[in-house]
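Here, each number is a calculation from the coordinates, and none is a lab measurement. The structure presented is a predicted model; accordingly, all values stated were derived computationally and were not measured. Here the Cβ positions follow ideal geometry from the backbone for every residue, glycine too, while neighbour counts run over all protein chains shown.
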Amino acid sequence: MTQRYVIHLPVVAADLPDAQRLARVVGRWLVVLPQTEPGGITVSAEDDQNLRHWVFCDLLMPGGRRCLLRADDEGSCSRRLRR
């Protein structure tokens, strides 16, 4: 067993797209803290927490940085958000 611990922080949203959107915003804010791993953020229904939905793409890019796009984004990975 490792000496790492995960903090589970329940936040409530009305539906899956709202939960994913909120999680992306929180993840982008938390990236300034070296202890956080925004690429690992998932969301789930309150009554089915074993079924988790990824928020970020989280693929490694050249240089070891992670993609900042949505998990379901189609196309090439990017360190910049698309609008």
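A simple rule links phi to the HN-Hα coupling: the Karplus curve 6.51 cos²θ - 1.76 cosθ + 1.60 with θ = phi - 60°, which for region 45-52 gives 5, 4, 8, 8, 6, 7, 9, 10 Hz, with x for Gly and Pro. For the chain, the mean projected area of the C-alpha convex hull, equal to one quarter of the hull surface, is 7.0 nm². For the chain, chymotrypsin sites (Phe, Trp or Tyr not before Pro) meeting the loop criterion (DSSP other than H, G, I, E, B) and having at most 14 other Cβ atoms within 10 Å: TYR5.
For ARG70, the amide hydrogen comes within under 5 Å of the amide hydrogens of CYS57, counting only partners 5 or more places away or on other chains and with H modelled in the peptide plane.
If only the Cβ of Lys and Arg carry +1 and only the Cβ of Asp and Glu carry -1, the dipole of the chain around its Cα centre is close to 640 debye.
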